[in-house]
Amino acid sequence: EAGLEGRVEVDSAGTGGWHIGMPPDARSQRHAKLRGYDLSKLRGRQISDIDFNRFDLVLAMDDDNLVDLEQMKPPNTHAEVRLFAAQAVPDPYHGPAAGFEHVLDLIERASEAWVPVLQARVTKRAPAGT
């Protein structure tokens, strides 16, 4: 909807390796599907040194992850490490189903807030005539 398809790449990775190769939690998939998101092909992976050069932005879901990512970022890499949302995005894994809906609400709101930032970045780095 924002005209960023094919111009912005989005990926997901954890700071820890607990869920490498595993699909998202079934409850997460179910709630996401109700909103039109298909998570079934996703598999967990841990962030790697390459990610800090591959991506311009590495976004953390909470302050603890932010600290971890800043410590994990290798020297001489260009990624900017920032918080994804104005408030922490909680892990709903151990809570009730409503927690998954709350997380989706937070992610959708934060994603919308990032759209103008990403549009400006894409415009700034686009070669003339594109």
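The values are calculated or read from the model by the stated rules, or taken from the named source; none is laboratory data. Remember, predicted model here, so these are calculated numbers, not experimental data. Because the Cβ atoms are built from the backbone with ideal geometry, glycine has one as well, and the counts that use them run over all protein chains shown. What goes into the accessible areas is simple: the full protein's heavy atoms, side chains included, and nothing from ligands, DNA or RNA. Shrake-Rupley method; radii C 1.70, N 1.55, O 1.52, S 1.80 Å.
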### Query
Filtering the range 76-113 down to residues that are in contact with a strand residue (DSSP E or B) (Cβ under 8 Å, 6 or more places away or on another chain) and not in a loop (DSSP other than H, G, I, E, B), which residue is least open to solvent (accessible area, probe 1.4 Å)?
81
## Note on the structure
Checked 62, 56, 11 against criteria (under 18 Å from residue 106 (Cα atoms), surrounded by fewer than 17 Cβ atoms within 10 Å (Cβ to Cβ), in contact (Cβ under 8 Å) with a residue 40 or more places away in the chain and within 15 Å of the chain's Cα centre (by Cα)); the one match is 11
#### Entry: Of all residues making up the range 28-52, the number that are assigned to a helix (DSSP H, G or I) and open to solvent by less than 70 Å² (accessible area, probe 1.4 Å)
6
